1. Which condition number in (1) over 26 Å from Asn204 (Cβ atoms); (2) touching a helix residue (DSSP H, G or I) at 6+ places or on another chain (Cβ under 6 Å); (3) hydroxyl-bearing (Ser, Thr, Tyr) is the one that Ser106 fails?
2. Which residue out of Glu128, Glu165, Glu191 is at pLDDT 95 or above, within 20 Å of His29 (Cα to Cα) and of a type in the set (D, E, K, R)?
3. Scan segment 59-78 and give yes if some residue there is farther than 25 Å from Arg35 by Cα and within 12 Å of the ligand (Cβ to nearest atom), otherwise no.
4. Suppose we filter Gln195, Gln176, Gln161 for residues that are within 26 Å of Ala38 (Cβ to Cβ), among the polar types (S, T, N, Q) and part of a helix (DSSP H, G or I); which single one remains?
5. Kindly provide the set of residues from segment 78-137 that are basic (Lys, Arg) and part of a helix (DSSP H, G or I), ordered by number.
6. Take Thr188 and tell me if it is without any contact (Cβ under 8 Å) to a residue 40 or more places away in the chain and more than 22 Å from Gly55 (Cβ to Cβ).
7. Can you name the residue in segment 23-57 that is among the acidic types (Asp, Glu) and out of contact with any Leu (no Cβ under 8 Å at 6 or more places or on another chain) and, of all such residues, is farthest from the ligand (Cβ to nearest atom)?
Amino acid sequence: MMHRIVESELMEDEAQVIAYAEADFDTPHSQFIERLKAVINNPDFSGLALDLGCGPGDISRRFVEAYPDAILHAVDGSETMIRRGQLLISPALQKRIRFVLGCLPSAILPNPDYDIIFSNSLLHHLHEPLVLWNFIKHYARPGTCVAIMDLLRPDSKEIAQFMVESYAANEPKILQQDFYNSLLAAFTLEEIKQQLESVDLTLNVGQSSDRHVFISGVMP
Ligand SMILES: C[S@@+](CC[C@H](N)C(=O)[O-])C[C@H]1O[C@@H](n2cnc3c(N)ncnc32)[C@H](O)[C@@H]1O
């Protein structure tokens, strides 16, 4: 098995952020929203949600479009990312998205708990993965819906390279490099299950594509 190689936690470089914000994530992001909808199981959801590591806010935007009465707090430790999100999302939708600049685990959020907590592609950035699970525990309450998607680490660098060529061939080099680094920094299904067990968090963990894991559940 290939060992994990960590990458930088925050994405702050302007060129990297622009390449990320302009990339085509339509397939994984729309699949994420469909899976999240199944966890929420209420098409009229009108509560307060939290997006951890929101980046330039593509999933944040899709969420508030899917739930026109919901409010979202979208957190990221990179000011460059948050500025990009504020630039890309329409003012009308931003009335329901509050961007919060803050770094896990020290970020202090506006609300003590949330009805929904979701995150895409944050876990593999964290040098210490339990930070995410403990943060979720802190801001959840009984009944909070949790949905986390991330990459899975392939067995070898060759497979990682093959995935870059298969899924990011038309993207700029900087994004291809980012994707490659992210695959090497990601966790395996077994590692994620162990992380959850060690913080006593009971969530479902399932592989959702050749390169994605989806972790979800409702807090007891
Ligand atoms: C790969 S991007 C994912 C962005 C977005 N969720 C998406 O799916 O498009 C990961 C984001 O997590 C942020 N991040 C990484 N470590 C973080 C931390 N410790 N606290 C807050 N944000 C963090 C990065 O700055 C980056 O914007």
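The values are calculated or read from the model by the stated rules, or taken from the named source; none is laboratory data. Because the structure is predicted, anything quoted here is derived from the model rather than measured. Quick reminder, even Gly has a Cβ in these numbers, built from the backbone with ideal geometry, and neighbours come from all protein chains shown.
1. Failing condition for Ser106: (2).
2. Of the residues listed, the single one that is at pLDDT 95 or above, within 20 Å of His29 (Cα to Cα) and of a type in the set (D, E, K, R) is Glu165.
3. yes
4. Just one listed residue meets the conditions, Gln195.
5. Correct list: Arg83, Arg84, Lys137.
6. Judged against the criteria, Thr188 is not a match.
7. Only one residue fits best here, namely Asp44.
Yes/no matrix, rows are residues, columns are (1) of a type in the set (Phe, Trp, Tyr); (2) exposed (fewer than 15 other Cβ atoms within 10 Å of the Cβ); (3) in contact with a helix residue (DSSP H, G or I) (Cβ under 8 Å, 6 or more places away or on another chain):
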site	(1), (2), (3)
Val131	no, no, no
Pro142	no, yes, no
Cys145	no, no, yes
Ile148	no, no, yes
Ser156	no, yes, no
Gln161	no, yes, yes
Glu165	no, yes, no
Asn170	no, yes, no
